[in-house]
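Have a look at the structure below before the remarks.
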Amino acid sequence: MNTERLNALFQRIQDGPIRSRWHWLGYNFTPGTEGSTYFAPLTLTALDKVDQMMPGYAEEMLTRLEGVGGREKNMDDYAAILQWLAELLVMFHFAKHKWSAEAIFEMEPTVAGSKRNPEAVIRVPGIGSLGVEVKAPNLETHRLARGSAPWQMVERGPVAPADLNGDVTLPRDNPVKDFLISADAKFAGFREAYEDFRSVLMIVADDYVNEPLSALLSSASGLLTPNSFHKDEDGTAVTYPNVDAVVIIRHQHQFRRGMANMPAVDEREHFLDYGDRDDFPPHVFIPIPNGQPLREEWLDALAAWPLEALNQAAEYNPGGLIIWNQSG
């Protein structure tokens, strides 16, 4: 840990809008407060670690964070901070990972054929290149809706909301569709430009991972199945040829606890602890149909389990209908 660099980053925040106007993290970065003893040092340490692999990362991320403020208690800003933390969680994990050879990190690279750029490409000599895109759905409204109605649909199945007796919480699957579309566009052209290129979309969800799993794999409507609710004008399921795999991470609730300066739960040391493969809760690795297989080097770094190793647990079973107990 370089104290001088961390102090410089902390002072960078003190001189900027996070401290001069309302911001969700204003208290966390206030000198001398309880908040500055947990959230701030850990976040700055993570930014500095990634910056050592990708120079300019800390400045770019802090500039983005400064732009998410000025609207008191705005929940869209709160969700944007969760997305920011999701990107930091993943990149901090990869920056600390013990690669088989010295890894080269490229921040938001661009190539011909791609109109947008992913979070990063990691190149390991003798292995190839891994494109990484990180997304975190805005669940602030949806998580409050869970359990508020007697029924929750987690797939677009044969049962229609009108068939059910009472209010229904509808599937939250459109964000997952948008993530796949975005990642597919961002990774376009990279196979031609990078040697042995593979790509992964990492979705940082909350504890209810059955929801994104259902969006992807439900036999009735899953985006990675022939019955996908995302169809082209001919009625054929849309595919995502530039994405090789999806990893789902149960972690948004850890960010909320960290922002409130509360300890992490389950087998996580803190809110930016990605966890090891055998830690609870496990991450889920989902290969894209017809995608390119990932080398063991990438699988080891992702530290995720294939769904078939986990689906005996209820939260890892895609599809279905949830009946909430409304007795109070």
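The values are calculated or read from the model by the stated rules, or taken from the named source; none is laboratory data. Just so we're clear, the structure is a prediction, and the values are computed from it rather than from any experiment. Ideal geometry is used to build each Cβ from the backbone, glycine not excepted, and the neighbour counts take in all protein chains shown. SASA here: full protein model, heavy atoms, side chains in, ligands and nucleic acids out. Shrake-Rupley method; radii C 1.70, N 1.55, O 1.52, S 1.80 Å.
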Check: Any idea of the accessible area per residue across the range 1-120, 1.4 Å probe, to the nearest Å²?
Finding: 48
Check: Which of Arg256, Arg143, Arg156 moves most in a GNM of the chain, Cα contacts under 10 Å?
Finding: Arg143
Checklist line | Surface share of carbon and sulfur [accessible, 1.4 angstrom probe, percent] for the range 222-328 | finding: 49
Checklist line | Local electrostatic count at Trp24 - Lys and Arg +1, Asp and Glu -1, tallied over other residues with Cβ under 15 Å | finding: +2
Margin query: Under a Cβ-only charge scheme (Lys and Arg +1, Asp and Glu -1), can you give me the dipole magnitude of the chain about the Cα centre, in debye to the nearest 20?
Written below: 540
Margin query: What does the charge count around Ala303 come to, taking other residues whose C-beta lies under 9 Å from its C-beta (Lys +1, Arg +1, Asp -1, Glu -1)?
Written below: -3
Check: For the chain, what is the percent of antiparallel DSSP beta bridges, rounded to the nearest 5?
Finding: 50
Check: Check Ala304: other-chain or 5+ apart residues with amide H under 5 Å from its amide H, H built from backbone geometry?
Finding: none
Next item on the list: Would you mind getting the accessible area per residue of the range 211-328, heavy atoms of the protein chains only, 1.4 Å probe, in Å²?
Entry: 47
Next item on the list: Compute the normalised compactness of the chain: alpha-carbon radius of gyration over 2.2 N^0.38 Å, N being the residue count.
Entry: 1.02
Check: Can you work out D for the range 107-206 in µm² s⁻¹ from Stokes-Einstein, where Rh is the Kirkwood radius over C-alpha pairs, the temperature is 4 °C and the viscosity is 1.567 mPa s?
Finding: 81
Notebook entry, point to check: Given Cα pairs under 8 Å that are at least 6 residues apart, what percent is the relative contact order of the range 54-203?
Noted result: 24
Item checked: the range 203-328, relative contact order [Cα under 8 Å, separation at least 6], % -> 29
Checklist line | Residue-averaged 222 nm ellipticity for the chain, from DSSP H runs of 4+ at -39500 (n - 2.57), nearest 500 | finding: -10000 deg cm²/dmol
Margin query: Using each residue's phi in the range 302-318, evaluate 6.51 cos²θ - 1.76 cosθ + 1.60 at θ = phi - 60° and report the 3J(HN,Hα) Karplus result to the nearest Hz, with x for Gly and Pro.
Written below: 6, 6, 10, 10, x, 4, 4, 7, 10, 6, 6, 7, 4, 6, 9, 9, x
Next item on the list: Take the chain, connect every pair of alpha-carbon atoms lying under 10 Å apart with a spring to form a Gaussian network, then pick out the residue of Leu62, Leu164, Leu82 with the largest mean-square fluctuation.
Entry: Leu164
Check: Roughly speaking, what % of Cα-Cα pairs in the range 157-206 are separated by over 18 Å, rounded to a whole number?
Finding: 54
Next item on the list: Read phi for every residue in the range 4-19 and hand back ³J(HN,Hα) as whole Hz from Karplus 6.51 cos²θ - 1.76 cosθ + 1.60, θ = phi - 60°, with x for Gly and Pro.
Entry: 4, 5, 5, 5, 5, 5, 5, 5, 4, 6, 4, 8, x, x, 4, 9
Checklist line | Relative contact order (%) - criterion: Cα under 8 Å, at least six apart; region: the chain | finding: 16
Notebook entry, point to check: What residue among Asp173, Asp184, Asp196 has the largest mean-square fluctuation in a Gaussian network model of the chain, using Cα springs under 10 Å?
Noted result: Asp196
